[in-house]
Amino acid sequence: MRIGMSLSYSGGFKETVTALGDYEKAGLDMVFVPEAYSFDAVSQLGYIAARTERLEIASGILQIYTRTPTLTAMTAAGLDYVSNGRFTLGIGASGPQVVEGFHGLPYTAPLGRTREIVDICRSVWRREAVVHEGRHYNIPLPPERGTGLGKSLKLINHPLRERIPIVLAAIGPKNVALAAEIAEGWLPIFFHPEKAGDVWGTALTEGSARRDPSMGQLDVVVSAPLAIGEDVDDLIDLARPQLALYIGGMGARERNFYNDLARRYGYEAEAAKIQSLYLAGRKAEAAAEVPAELLRATSLVGPAAYVAERVGAYRAAGATTLKVAPVAPDPGRRLIDLELLKGMI
């Protein structure tokens, strides 16, 4: 198993990057930079590439609607070049709240768009003259839709790799099956090891059956807060606001993918209550309603022996990369926790 870490959406970016050298020494393998409606991830990934030597870097995630497929491919090739082959392209559909509310773009056909984008990216990285005729993207643009002067082009530069790893963020059954079929990795959210098989097992099996064997094993990237010790139990509550945000407020009452996931985990009543409270502006009360069992199952917080057991549960559920968020208040303690985790895997 690899150990990854995700940087925060807001604040402290440069300070965290300054400490990445220490995290590398402690055993960190990979760092993810998110992009919601925050600073863009690309500029920050370039900054990290220049400040590190061994650490793998990944977008976690770039939204599929906000860049053209060829720009996504160009960006990935550029980041892979400046990092000497250390980049992983994480992409995902995000949700209508961000795509339509912040970017002003229609949230349509996420599955079809994702498949076409992946195909186009790999064509660009192979330095093929890009010709794509799909339902959602047509390259070059047909003459009747433009000036008629467009022609098929290939990337000027030679990418370091013609197959940059792609990780798909996905939680719906069809999206998860797509990730298992076409991507190097899959990034779910609040992964519950004991319930993941019931929720996603069928989709993973279906997608894997269509997977090209040459792609190798699917990298399953799971996220969890991290704190190790006999006196850290209260730190588990730090995850409550984020879970409440996603389950309660990331989307509309009628369309919230994360609320749907909580219900599929078996928390129907709790998910409904969290959403009602959150949408009513009662965020603290919504956070208090996040089930303790869900918090515990999706965290690596507790005594060393307990965390080691949870690592085993994640491994048994198929996880291959642990993307942790160290939550100890003391920066030195976070490094120690990462070293301890490294020793468990």
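The values are calculated or read from the model by the stated rules, or taken from the named source; none is laboratory data. These numbers were taken from a predicted model, which means no experiment stands behind them. Ideal geometry is used to build each Cβ from the backbone, glycine not excepted, and the neighbour counts take in all protein chains shown. Side chains are part of the model used for accessible areas, which takes the heavy atoms of the whole protein and leaves out ligands, DNA and RNA. Shrake-Rupley method; radii C 1.70, N 1.55, O 1.52, S 1.80 Å.
Annotations
Here's the yes/no breakdown for (1) crowded, with 18+ Cβ neighbours inside 10 Å; (2) without any contact (Cβ under 8 Å) to a residue 24 or more places away in the chain; (3) more than 30 Å from Pro329 (Cα to Cα):
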residue: Arg210; (1), (2), (3): no, no, yes
residue: Ser214; (1), (2), (3): no, yes, yes
residue: Leu226; (1), (2), (3): yes, no, no
residue: Asp233; (1), (2), (3): no, no, no
residue: Ala244; (1), (2), (3): yes, no, no
residue: Arg255; (1), (2), (3): no, no, yes
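- Selected residue (only one of Ile91, Ile3 is open to solvent by less than 10 Å² (accessible area, probe 1.4 Å), in contact with a helix residue (DSSP H, G or I) (Cβ under 8 Å, 6 or more places away or on another chain), more than 30 Å from Gly312 (Cβ to Cβ) and part of a strand (DSSP E or B)): Ile91
- If you check Ala328, Ala308, Ala313 for being farther than 13 Å from Phe191 by Cβ and either in contact with an Asp or Glu (Cβ under 9 Å, 6 or more places away or on another chain) or outside any helix (DSSP H, G or I) (or both), only one passes: Ala328.
- Of all residues in the stretch 141-169, those satisfying the criterion of being more than 34 Å from the chain's Cα centre (by Cα) and open to solvent by 90 Å² or more (accessible area, probe 1.4 Å) are Glu144, Arg145, Thr147, Leu149, Lys151.
- Remark: pairs (first residue in the stretch 293-309, of a type in the set (Gly, Ala, Ser); second residue open to solvent by 60 Å² or more (accessible area, probe 1.4 Å); Cβ separation under 7 Å; 6+ apart in sequence or on different chains) = Ala297/Glu194; Gly302/Asp233; Ala304/Leu340.
- Among the conditions (1) assigned to a helix (DSSP H, G or I); (2) open to solvent by 40 Å² or more (accessible area, probe 1.4 Å), Val17 misses just one, which is (2).
- Some residue of the stretch 317-326 being open to solvent by 60 Å² or more (accessible area, probe 1.4 Å) and basic (Lys, Arg): no
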